[in-house]
Amino acid sequence: MNEPVNETQSGTGWRSLPLNTLGLLAVLAGIAFPLVTWLLFRNSWGSPDFHWYEWLTPILLLLGGAMSWLAAAMLFSRRTAGRDMLELAIAIVPITLAMRLLIVIIVLIGTVARRLLDGSVVDFFKDLELSSGKLLINIALILVIITLIIVRTNAKSKPQPPKENKDD
């Protein structure tokens, strides 16, 4: 099913690199995923403010590291499925970023809903500092994504002008 193969060039871009080179990249990714996880979350794990949804990011990053090590083993044993495994491992990064953005939106909606139910929404927005960097960055990111979606949708919906026939 997944037999070892000779080193052949398949695909384009990074997928056309030799299997040994891809194996080395997989090893580097396997080192980078846990290292980044440790650097980002080493002070947060013991905190009582570390909520359940904040565990999703380190779990996904560690899963990406494990998948990178598995891809490295497959690539060094000349199995081309290692390329796909490495691609999946690297794809965890944008998935994690999208998931974190979704969590920010859900937590904001939950906070506003909770404040609406207990009647303190006015106090919440009154006490909110507009200079808060995290809040401004998240709002700006959401606005940029919405703008890009609108621009992309408008670009796709514009009809193409008909081609003229040249029968001269």
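The values are calculated or read from the model by the stated rules, or taken from the named source; none is laboratory data. Here the structure is a predicted model, which means the values were calculated and not measured. No Cβ is skipped: glycine too gets one built from the backbone with ideal geometry, and neighbour counts run over all protein chains shown. Keep in mind that these areas ignore ligands, DNA and RNA; they rest on the heavy atoms of the full protein, side chains included. Shrake-Rupley method; radii C 1.70, N 1.55, O 1.52, S 1.80 Å.
Filtered by the rule that a residue be out of contact with any Phe, Trp or Tyr (no Cβ under 9 Å at 6 or more places or on another chain), open to solvent by less than 80 Å² (accessible area, probe 1.4 Å) and part of a helix (DSSP H, G or I), segment 63-82 gives ALA71, ALA72, ALA73, MET74, LEU75, ALA81.
Within segment 143-155, residues that are over 17 Å from VAL104 (Cβ atoms) reach no partner that is of a type outside the set (A, V, I, L, M) and open to solvent by 90 Å² or more (accessible area, probe 1.4 Å) with beta carbons closer than 9 Å at six or more positions or on different chains.
If THR96 passes every condition in (1) at pLDDT below 90; (2) open to solvent by 70 Å² or more (accessible area, probe 1.4 Å); (3) not in a loop (DSSP other than H, G, I, E, B) but one, which one does it miss? Of (1) at pLDDT below 90; (2) open to solvent by 70 Å² or more (accessible area, probe 1.4 Å); (3) not in a loop (DSSP other than H, G, I, E, B), only one is false for THR96: (2). Only a single criterion out of (1) open to solvent by less than 90 Å² (accessible area, probe 1.4 Å); (2) under 30 Å from LEU19 (Cα atoms) is not satisfied by LEU108, namely (2).
Annotation note: of ALA89, ALA81, ALA71, the sole residue that is touching a Ser or Thr at 6+ places or on another chain (Cβ under 9 Å) and in contact (Cβ under 8 Å) with a residue 40 or more places away in the chain is ALA89. Within segment 99-127, being modelled with pLDDT under 75 and either in contact with a Leu (Cβ under 7 Å, 6 or more places away or on another chain) or of a type in the set (Phe, Trp, Tyr) (or both) holds for PHE124, PHE125. You will find that of LEU19, LEU86, the residue that is of a type outside the set (Ser, Thr, Tyr), modelled with pLDDT under 85 and either over 20 Å from ILE103 (Cα atoms) or surrounded by 11 or more Cβ atoms within 10 Å (Cβ to Cβ) (or both) is LEU19 and no other.
Scanning segment 129-160 for residues that are at pLDDT below 70 and open to solvent by 100 Å² or more (accessible area, probe 1.4 Å), we see that the one that is farthest from LEU101 (Cα to Cα) is GLN160. For segment 32-41, filtered to residues that are open to solvent by 90 Å² or more (accessible area, probe 1.4 Å) and closer than 18 Å to PRO94 by Cα, the residue that is modelled with the lowest pLDDT is LEU40. Scan segment 42-52 and tell me whether some residue there is open to solvent by less than 70 Å² (accessible area, probe 1.4 Å) and part of a helix (DSSP H, G or I). No, there is no match, as no residue in segment 42-52 is open to solvent by less than 70 Å² (accessible area, probe 1.4 Å) and part of a helix (DSSP H, G or I).
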